[in-house]
1. For region 154-169, what are the residues that are over 20 Å from LYS116 (Cα atoms) and among the β-branched types (Val, Ile, Thr)?
2. Look through region 121-138, keep the residues that are touching a residue at least 60 places away in the same chain (Cβ under 8 Å) and closer than 16 Å to PRO176 by Cα, and return whichever of them is farthest from the chain's Cα centre (by Cα).
3. So which of THR111, THR131 is farther than 30 Å from ALA51 by Cα, surrounded by 11 or more Cβ atoms within 10 Å (Cβ to Cβ) and in contact with a strand residue (DSSP E or B) (Cβ under 9 Å, 6 or more places away or on another chain)?
4. Would it be correct to say that PHE68 is hydrophobic (A, V, I, L, M, F, W, C), free of Cβ contacts under 8 Å to residues at least 60 places away in the same chain and crowded, with 17+ Cβ neighbours inside 10 Å?
Amino acid sequence: MIALVRRGARRLVKDPLLAVAVVLAVAAAVFAAWSGLAWHSAAQAGTVAQAQARDQVLQEGEQDVQNFNTLDYRDVGQGLSLWEQSSAGALRAQIVAGSAEFEKQVEQAKTITTAKILDAALVTLNTRAGTASIIAAVQLTVVPAKGAAVTKQTRLDGQLTRTASGWKLTALGQVPVGSAG
């Protein structure tokens, strides 16, 4: 075995072209392995960061949607304050402008509405622009002043914008339910 290694070493020394070819082949293999590992590592880092951003936006969006569908006539002011904290832009401006009138209506109706997010997903997410859209399936329970509680399910579509204090709703509407057929 040692004799074979010595013969191979003598052959490399006698043939410098072969020696250069072996060195280049080893260097190419090392470079290829390093490049592959670096590429794989970079690809995984981007995927993880994107997934974490998506999860954070979805979580904040779900909370905003839930906040907007929960209101108790016994403390309407706190509920509307939560709506303001969960919104931005024109939606927030509408809440601020109409809060006094809306507060009167809710207190007169004496209803308690609670929401539970059944499922939600981001439809779009553009972290560079700071925009996203969300869809959510929501279970609403409305307890009137008199009578039995009513539970229904609805689908909502919302637009989110990144603000200094997190992702906030800038639009929220009901998704129309079409007939199958």
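1. Kept after step one, since they are over 20 Å from LYS116 (Cα atoms), are these residues of region 154-169: 161-166.
Scanning region 154-169 gives THR161, THR163.
2. Within region 121-138, the subset touching a residue at least 60 places away in the same chain (Cβ under 8 Å) is 121-122, 125, 127, 132, 134, 136, 138.
Add one more test, that the residue is closer than 16 Å to PRO176 by Cα, and what stays is 134, 136, 138.
Numbers: ILE134: 9, ALA136: 13, VAL138: 18 Å.
The residue in question is VAL138.
3. Details: THR131 fails: farther than 30 Å from ALA51 by Cα.
On inspection, the qualifying residue turns out to be THR111.
4. The answer is no for PHE68.
Yes/no per residue for (1) modelled with pLDDT under 75; (2) assigned to a helix (DSSP H, G or I); (3) more than 30 Å from SER133 (Cα to Cα):
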site	(1), (2), (3)
ARG7	yes, yes, yes
LEU24	no, yes, yes
TRP34	no, yes, yes
ALA45	yes, yes, no
VAL57	no, yes, no
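The values are calculated or read from the model by the stated rules, or taken from the named source; none is laboratory data. Quick caveat, the model's predicted, so the values are computed rather than measured. A quick note on method: Cβ atoms are made from the backbone with ideal geometry, for glycine too, and the neighbour counts reach across all protein chains shown.
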